[in-house]
Amino acid sequence: MAKKDKKVNAWQIIVAVFQALAALFGSLKKSHDSAKAESSSEGTSQDSENSAE
C-alpha cells in the first residue's frame, strides 16, 4: 500500500507543478500582451494584427 500511496503523491506533485507552471506562463503572457497592446497603441493597428498571428 505504501508504494501505491507514494506513486499517487508523486503524480499529484507532478500535476501541481505543471499547474503552477501553466499559471505562471499564463500570467506572464497576460502581462506581455498588455504591455504589447500599450506599445502597439502608439504604432499602427496593422502591426499589432500581423504580430498577433
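Any read-out appearing in this document is the output of simple, stated calculations on the displayed coordinates, not a laboratory observation. Just so it is clear, the model here is predicted, and its values are computed rather than measured. Heads up, the Cβs are rebuilt from the backbone with ideal geometry, glycines too, and the neighbour counts pull from every protein chain shown.
Of note:
- Derived scalar couplings between HN and Hα for segment 20-31 equal 5, 5, 4, 5, 4, 5, x, 5, 5, 5, 5, 5 Hz in order, rounded to whole Hz, by the Karplus curve 6.51 cos²θ - 1.76 cosθ + 1.60 (θ = phi - 60°), x for Gly and Pro.
- Spin-label pair V8-F25: with each label point 7 Å from Cα along the Cα-Cβ axis, the two points sit 2.9 nm from one another.
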